[in-house]
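This report concerns only the one structure given below.
Read the figures in this text as sums done on the coordinates, not as results from a lab. All of these numbers come straight from a predicted model, not from anything done at the bench. Note: ideal-geometry Cβ built from the backbone for every residue, glycine included; neighbour counts use all protein chains shown.
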Number of protein chains: 4
Amino acid sequence: MNRLRIAIFGGSGYGGSELLRILLAHPNAEIMLVTANEHAGKPVAAIHKNLAGICDLDFSPAPDDLGSLECDVAFFALPHGQALKLAPQMKRGAKIVDLSGDFRIDDKSVFEKFYKLEHTADELQSEFVYGLTETNRDAIRAANYIANPGCFATATILALAPLVGSGITNGRFVVDAKTGSSGSGAKPAANTHHPQRTNSFYAYKPFIHQHVPEIEQHLRTLGNLSDDFVFMTHSLPVSRGIFASCYAEAIDEISGEELRRIYEDFYTNAPFVRLVEGSPDINWVKTTNFCDIAVHARGRRIAVFSAIDNLVKGAAGQAVQNMNLMFGIEETTGLRLIGTNP
Amino acid sequence: MNRLRIAIFGGSGYGGSELLRILLAHPNAEIMLVTANEHAGKPVAAIHKNLAGICDLDFSPAPDDLGSLECDVAFFALPHGQALKLAPQMKRGAKIVDLSGDFRIDDKSVFEKFYKLEHTADELQSEFVYGLTETNRDAIRAANYIANPGCFATATILALAPLVGSGITNGRFVVDAKTGSSGSGAKPAANTHHPQRTNSFYAYKPFIHQHVPEIEQHLRTLGNLSDDFVFMTHSLPVSRGIFASCYAEAIDEISGEELRRIYEDFYTNAPFVRLVEGSPDINWVKTTNFCDIAVHARGRRIAVFSAIDNLVKGAAGQAVQNMNLMFGIEETTGLRLIGTNP
Amino acid sequence: MNRLRIAIFGGSGYGGSELLRILLAHPNAEIMLVTANEHAGKPVAAIHKNLAGICDLDFSPAPDDLGSLECDVAFFALPHGQALKLAPQMKRGAKIVDLSGDFRIDDKSVFEKFYKLEHTADELQSEFVYGLTETNRDAIRAANYIANPGCFATATILALAPLVGSGITNGRFVVDAKTGSSGSGAKPAANTHHPQRTNSFYAYKPFIHQHVPEIEQHLRTLGNLSDDFVFMTHSLPVSRGIFASCYAEAIDEISGEELRRIYEDFYTNAPFVRLVEGSPDINWVKTTNFCDIAVHARGRRIAVFSAIDNLVKGAAGQAVQNMNLMFGIEETTGLRLIGTNP
Amino acid sequence: MNRLRIAIFGGSGYGGSELLRILLAHPNAEIMLVTANEHAGKPVAAIHKNLAGICDLDFSPAPDDLGSLECDVAFFALPHGQALKLAPQMKRGAKIVDLSGDFRIDDKSVFEKFYKLEHTADELQSEFVYGLTETNRDAIRAANYIANPGCFATATILALAPLVGSGITNGRFVVDAKTGSSGSGAKPAANTHHPQRTNSFYAYKPFIHQHVPEIEQHLRTLGNLSDDFVFMTHSLPVSRGIFASCYAEAIDEISGEELRRIYEDFYTNAPFVRLVEGSPDINWVKTTNFCDIAVHARGRRIAVFSAIDNLVKGAAGQAVQNMNLMFGIEETTGLRLIGTNP
């Protein structure tokens, strides 16, 4: 197989950083373009200093004529709103994985309400497939365009999908989710200022986080979800990781063992989901594409915990997982990233 | 007023450390005894090096004959089970503030189930008053013996008390609580080993944390609490702080403003509860006796966030607050500890 | 004694934050003005949320007519270059403590080289006294204008002053200094972006840090300092604290005990210097005005370690210490801030 | 080439953890044995949870009869003193890489003084080659037994070797070194207790760290080193990483460019040494086998900074690098571990 010619748009952020880390070592990938307007002309390794001695590429400006770009797949790792402009310009035939929220929401009015952006590429929306590999594998295989899930959405849907799919609950869920600071991106901001963040923990965007609609939309393709879904985001004083604590109520009493069996069945063929005892820990998934999940039941009360690396399974790793599927490459190729202890 | 003669039992742990910090600067306090068996004879400042230049006391061994100890008030900052042995030996007339869980649970069988200890001082249980100042002020004023609340219980009850008291919800709550590492005490252990803790976040003791019964017991004195109370504990990679995210459902739709008014009314005379916008942050309460609370509503869904310093409002600060009340001293005396930014 | 009328210029930064924390509890202080142009009109506690329930002041804009400001003492906690403009406008009679570097360097050309600023208030330079209390107490008592030392300079000079003063070394020193992230101020920047800072350690400004000339200038008032002074700054992934490791060579062999005696003698009357065994630790001095120092000798080799809180002894605490001296108030008033364990 | 049969003694610590991470992905390696007495019989992934889904091995007890163990190479990742007992029992022909300090010091009396252990395998000492690849490559290629350098020693020698080798200095050095908490190993202890370590920085073992003699011994094979070598160790509040700040004095003035050229020449063929601008940062080398170095000169004063991951280049990575050389495998095989940003 020839190597896939890959273009990365938005290579200087953390999503781009992790795409580079993964694709530079991917046996079927050849990075032909990595853009970063503000760093155009500079070596990639001048920004991502971890790649010194690993990567000889330079950042390019965004090409003027996207339509003539001869790539097999383009990754958009750009701020929300940019992919809406770029996707329609791409040559037909090139596949796209968009890591932003631009094409995740089918209902245009919902998108515009949560993202405060006009959806200017409505005609492409129906071609985008939601790229949560574990619940959407066949559709992804057949897709050309992927809307890569949000980091919170990934942790949450992977935790809830077996519950929603099994129909054992009343469809009402509370999700208390926490993220590391890299989820805010590579640009310094007040909420990621080290002196304050390092000893902090707080909630933000109560009831209005933009990942709510994609979680609701996708879970409803799997089963019953009540309208009063509660999803709350918090900020952790770590660099990487998302942890979702999910609470549900079973219609009938269920044991922890029965609950675990439902998850084992659901994730039988999911190489990146690990069912663990007690609790997952972001420490064990950081820098990897794994999602660790633990389940607990007591009477009719259910608790499910999931942990991912927000930049890998929650972004770049999942993006490459989707690329693999779209091109018929074995799903784990380039993604058996091994975590560290400690 | 003469200074109160104070004995601190268990002065080498973090609870003892914070009792010392607060009481050394308290205008009505004189520490006459601070025990630490393993450090007996050593200067307090050899262990609590922050107190060098501040404190000239030495640690004592636990006295053989408690009954002849002439103190006005004893603080027990000891592992669970110790106060059960010491309290019955104390001279009548000396007041007691017990920071452990030994006397928090009225139902002996529930205590023994959660603490795996025999309750050997059952005859004293009814004399112990639950020391959550903001909800129990009058009883505390009249008390001789105080069961000082657990750190998680403090953050949770302060967040939920106005809801439970108002009767506006269906009585069903989910509490997702997180604690800093100092909650595990001053002794090194696997879960507080820095290389792993510093990049970690995980859940522990699902459904079985020993603070559940004291939360349930006390909230039920204030109003309706459903039997399916969900309380979950997690570990944060910070030294100090507890953050509780509490989810409830209103019987009728309620606005954020109405909800806030309920809290303002409930905490009108509570100098250590601050209602804040958006979210509290453990960064703003660390080293202080404040509990910061924010409330949000959307339709019938309610979210309440609370943040405290687990060692101050969640332990030593609240213990001194109770001492002040028992002795008719102004509640805030010695407790206007000012936090820092950053 | 009437309370001193105090004006704080630049109240929204970390220096201002700590001045507020200390002066709000100072028995001889009354804050009459606290400026912050970008936050003018807002409550102080909206920015320094730690002060909610403590401070009812609002931020003011900088007054148009400084000359008519009736204050006893003004603290300038502003970016470098601002005090140069404000100091000459102040009414004579008001005392000044400048926390910036504007008036620390007597040699105008050296100042301009290191600060890249024109020294526009040269006529006032000779009235400014270098405010390192422990080495300059008498001059400070007699002063009207204080140039408050830099944070690195404070830790370094306190570590080296007894050596330089005693003449036991050859005058050649290597200082390896490390600072927490709050030293970079309250404004977010690339070097304080949490995702990267939290797992980082690096050196910066090799050989050219702007604190070098004030260290050299002041140490030379105490004794012999060689021209090849080596001073290197590094960034620690903590919020607060400076640690200086200082290396010297004795002319003759010296024991650790002899060395310690030199330090004990030098700091006999210094209530904020604590000589400790082994090593100081920033953990034990954070939020306090203490400087902890340990000394070691082996043959002719000498190592001295010092630790301070950069925002307290390295800035606001020392500023208030100087205020106390200038007004004949006991030096420790308002400054017996007790640290915490942990 | 057949895969090398590999035995890891001491697989449950952090050195063992990293050996597993690297060797599980090494194309020429097959792990036939991994011992951990206290965890014998348990899955490796029950302890190193990062390896769940990656590693199916179980921990074994240490074999009774080492002499019949048919392995190509044994890694000893054991506490100091254990390799002294095991190495003499190994079958001749099996190669050994010892990650402890047992065979690093040629002078038995020096070893015994610094390690407080009797050197009971003196007859093997001369067969052990010091495994700092970049300065000892040819000897390592010819070796059967490798004494893998200490983590501090690796960072220090790599920083100083070009200086010592070039003869441009007076041979007198001050090294101020800092380590992350994982350097203390996987067992909880007072100095790695999270509540205190997370906001701390302190020095330890002044003048007497056990890495001093191996640094002196090895540097003296490269050139002139004065007797008054100063080496000081400090503890950083991060999990991984060593940073060494090294100070020297040139005999004649030297420019930064000239100095850099000396380092470029020295490390021409060293794939894991990267010369960087400004300063290295442990953030850029964590989880990798790289050593990043920056050099600065001003007049005759020289500063060299180096950064490594203490568990990789400072332990397991370097151990595998030595294995590669001993078996004629390309030096970088299995070691092109890519770091992350952030």
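D:Asp228 meets each of the listed conditions (1) at the interface with chain C (Cβ under 9 Å from one of its Cβ atoms); (2) over 16 Å from the mean Cα position of the chain (by Cα); (3) crowded, with 16+ Cβ neighbours inside 10 Å apart from (3). Which condition from (1) outside any loop (DSSP other than H, G, I, E, B); (2) within 21 Å of C:Val320 (Cβ to Cβ) is the one that C:Glu70 breaks? With respect to (1) outside any loop (DSSP other than H, G, I, E, B); (2) within 21 Å of C:Val320 (Cβ to Cβ), C:Glu70 is out only on (1). Would you confirm, using the coordinates I've provided, whether A:Phe207 is of a type in the set (A, V, I, L, M, F, W, C) and more than 25 Å from B:Ser200 (Cα to Cα)? When the stated conditions are applied, A:Phe207 passes them. Within segment A:37-54, the residues that satisfy the criterion of being part of a loop (DSSP other than H, G, I, E, B) and touching a strand residue (DSSP E or B) at 6+ places or on another chain (Cβ under 8 Å) are A:Ala40, A:Gly41, A:Lys42, A:Ala52, A:Gly53.
Condition check ((1) within 30 Å of C:Glu330 (Cα to Cα); (2) within 10 Å of another protein chain (Cβ to nearest Cβ); (3) part of a strand (DSSP E or B)) across all residues:
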{"position": "C:Val174", "(1), (2), (3)": "no, yes, yes"}
{"position": "C:Leu222", "(1), (2), (3)": "yes, no, no"}
{"position": "C:Glu253", "(1), (2), (3)": "no, no, no"}
{"position": "C:Glu264", "(1), (2), (3)": "yes, no, no"}
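Residue pairs whose Cβ atoms lie under 7 Å apart, sitting 6 or more positions apart in sequence or on different chains, and linking a residue in segment C:177-189 that is touching a residue at least 12 places away in the same chain (Cβ under 8 Å) and within 16 Å of D:Thr198 (Cβ to Cβ) to a partner that is among the hydrophobic types (A, V, I, L, M, F, W, C) and part of a strand (DSSP E or B), are C:Lys178/C:Ile242; C:Lys178/C:Phe243. Considered as a group, the residues in segment B:271-282 that are free of Cβ contacts under 8 Å to residues at least 24 places away in the same chain and among the charged types (D, E, K, R) include one that is farthest from the other protein chains (Cβ to nearest Cβ), and that residue is B:Glu277. May I ask you to verify whether B:Thr268 is part of a loop (DSSP other than H, G, I, E, B) and without any contact (Cβ under 8 Å) to a residue 24 or more places away in the chain? Criteria met by B:Thr268.
Outside any loop (DSSP other than H, G, I, E, B), within 18 Å of D:Ala161 (Cβ to Cβ) and not β-branched (Val, Ile, Thr), is that true of D:Ala315? Taking the combined requirement at face value, the residue does not satisfy it.
Quick one: would you say A:Leu84 is away from chain D (no Cβ under 14 Å), in a loop (DSSP other than H, G, I, E, B) and within 19 Å of the chain's Cα centre (by Cα)? For A:Leu84, the condition - away from chain D (no Cβ under 14 Å), in a loop (DSSP other than H, G, I, E, B) and within 19 Å of the chain's Cα centre (by Cα) - is not met.
Looking only at segment C:1-32, residues that are aliphatic (A, V, I, L, M), within 24 Å of C:Gly314 (Cβ to Cβ) and not in a helix (DSSP H, G or I) come to 7 in all. When we screen D:Val304, D:Val295, D:Val238 for residues that are touching a helix residue (DSSP H, G or I) at 6+ places or on another chain (Cβ under 8 Å), within 13 Å of chain C (Cβ to nearest Cβ), of a type in the set (Val, Ile, Thr) and part of a loop (DSSP other than H, G, I, E, B), the only hit is D:Val238. Within segment A:308-342, the residues that satisfy the criterion of being under 17 Å from the mean Cα position of the chain (by Cα), buried (at least 24 other Cβ atoms within 10 Å of the Cβ) and not aliphatic (A, V, I, L, M) are A:Asp309, A:Asn310, A:Lys313, A:Gly314, A:Gly317, A:Gln318, A:Gln321, A:Asn322.
Yes or no, residue by residue, for (1) touching a helix residue (DSSP H, G or I) at 6+ places or on another chain (Cβ under 7 Å); (2) touching a residue at least 12 places away in the same chain (Cβ under 8 Å):
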{"position": "A:Asn37", "(1), (2)": "no, yes"}
{"position": "A:Lys42", "(1), (2)": "no, yes"}
{"position": "A:Ala46", "(1), (2)": "no, no"}
{"position": "A:Leu57", "(1), (2)": "yes, yes"}
{"position": "A:Leu66", "(1), (2)": "yes, yes"}
{"position": "A:Gln82", "(1), (2)": "no, yes"}
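Among the residues of segment A:102-121, are any within 24 Å of A:Phe290 (Cα to Cα) and hydrophobic (A, V, I, L, M, F, W, C)? No, segment A:102-121 has no match at all. For segment A:258-297, the set of residues classified as in contact with a strand residue (DSSP E or B) (Cβ under 9 Å, 6 or more places away or on another chain) and more than 17 Å from A:Phe243 (Cα to Cα) consists of A:Glu258, A:Leu259, A:Arg260, A:Ile262, A:Tyr263, A:Glu264, A:Phe266, A:Tyr267, A:Ala270, A:Ala297, listed by residue number. Scanning segment A:221-263 for residues that are more than 21 Å from B:Val174 (Cβ to Cβ) and among the charged types (D, E, K, R) turns up A:Arg240, A:Glu257, A:Glu258, A:Arg260, A:Arg261.
Taking the criterion of being in a loop (DSSP other than H, G, I, E, B) and facing chain B (nearest Cβ under 7 Å), the residues of segment A:199-213 that qualify are A:Asn199, A:Ser200, A:Phe201, A:Pro206, A:Phe207. Would you pick out the residues in segment B:26-58 that are more than 14 Å from chain C (Cβ to nearest Cβ) and under 17 Å from B:Ala186 (Cβ atoms)? B:Thr35, B:Asn37, B:Glu38, B:Ala40, listed by residue number. Residues in segment D:153-176 that are buried (at least 24 other Cβ atoms within 10 Å of the Cβ) and either under 24 Å from A:Pro195 (Cα atoms) or among the charged types (D, E, K, R) (or both): D:Asp176 alone. The set of residues in segment C:18-42 that are buried (at least 24 other Cβ atoms within 10 Å of the Cβ) and of a type outside the set (A, V, I, L, M, F, W, C) comprises C:Glu18, C:Arg21.
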